[in-house]
1. Given the whole protein assembly as supplied and a 1.4 Å probe, what does the accessible area of C132 come to in Å², nearest 10?
2. Quick one: angle between helix 45-56 and the longest Cα principal axis of the chain, in degrees between 0 and 90, rounded to 10, please.
3. Roughly speaking, what is the stretch gain from R9 to D90, that is 0.36 nm per residue apart minus the C-alpha to C-alpha distance, in nm to one decimal?
4. Using just the C-alpha positions of the chain as equal point scatterers, what log10 of I(q)/I(0) does the Debye formula give at each q in 0.09, 0.11, 0.14, 0.15 1/Å?
5. Before anything else, pin down the relative contact order of the chain: Cα pairs under 8 Å, at least 6 apart, normalised by residue count, whole percent.
6. What number, in percent, do you get for the relative contact order of region 1-78 if the mean sequence gap of Cα pairs under 8 Å and at least 6 apart is divided by its residue count?
7. Mind running the shape call on region 1-115? Use the C-alpha gyration tensor, a ≥ b ≥ c as the square roots of the eigenvalues: rounded below 1.5 for a/c, prolate if a/b tops b/c, oblate otherwise.
8. In degrees between 0 and 90, to the nearest 10, how far off the longest principal axis of the chain does helix 198-207 point, with axes built from Cα atoms?
Amino acid sequence: MRLEQPVTRPLNLTAQDFFTYGSWILTIAVLVFTFVLWKREKTWYYTAIIAAAMVGAFGEPLYDEMMMLYFYSVDHGGTFVLQSTFTAFDVPQPNWAHSGYALLYGFPAVYIARSIHLGTMTKKKLYIVAGCSLLESIAFEVIGTSSGAYTYWGPHVFRIFEYPLVIGMLEMAQVMVFAVAAAELRKRAREPWQLAAIFLIFPITFVGVNYGGGMAMIVGLHAENTTEFIRYATTLISMGCAVLIVRLAASFLPDSVAAPVPARAATGTGAPAREAVAAD
């Protein structure tokens, strides 16, 4: 029997204003920051990362269908009040979906990719950033699900308040893979236009991690005659996949960073010697 979306539950208008104005103000600030980097480093790379995440939000309806997410859209009288951009799979999309993608996926990826380019990102630091990204996702979505802006309405397990933990783990893993892949693209690009491949890398990593790593959980949720045991087992499998995906992304990074030794210990080549030092 197909579960029904909670289409009649009223939207919290205060929550809608919070996400609309708050997320767009922060997104504009992030874009300004990338423009500063553009001017300083003479590359549109960081702006492209944010833009790719925002464009990727047009694929949100696919995510909603897979993960059983629904954005509330009506008031107590049943009038449509959601500030929506479009509707697909019977799920109306809020106008802050694009800014939400910029903050949850784009901004952490900018930090990671820039650190990789500067040579300061190590495996250990990526794990720390992954933990911070997970906390960011949990904070953002717990506010959204608890305030009445949207819900994960399916029979998810391992919830924090109303938020399924596996969702945050998959989102976190996707950000790590996207950022590392974007850094690899920059390393290999020879012309500025080649950085436009970031707009393909985002949906590929988004779909690959969320639907590939989350495949067991998704099937467990949508399976006919599913049971609580099946949902717990498949969710644990997908959580494990998220951890393994982060480990895979970290394998592209060094264990330590290189730092110059003092001038008196430098080699006679005229350039300071470098030695591996433990990551901070």
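1. Result for C132: roughly 80 Å² accessible.
2. Tilt of helix 45-56: around 20 degrees.
3. On the way: separation 81, 0.36 × 81 = 29.16 nm, distance 1.47 nm.
Net length gain for the segment: 27.7 nm.
4. For the requested q values the scattering log ratios are -0.47, -0.68, -1.02, -1.15.
5. Working: 401 pairs, mean separation 57.8, N = 280.
Normalised by residue count, the contact order of the chain is 21 percent.
6. Numbers: 40 pairs, mean separation 44.1, N = 78.
For region 1-78, the relative contact order is 57 percent.
7. Values: a/c = 3.37, a/b = 2.05, b/c = 1.64.
Since a/c reaches 1.5 and a/b is larger than b/c, the shape of region 1-115 is classed as prolate.
8. On a 0 to 90 degree scale, this one is about 50.
The values are calculated or read from the model by the stated rules, or taken from the named source; none is laboratory data. Since this is a predicted model, take the numbers as computed values, not measurements. Positions of Cβ are backbone-derived with ideal geometry, glycine not excepted, and every protein chain shown enters the neighbour counts. These area figures cover heavy atoms from the full protein model, side chains too; ligands, DNA and RNA do not enter into them. Shrake-Rupley method; radii C 1.70, N 1.55, O 1.52, S 1.80 Å.
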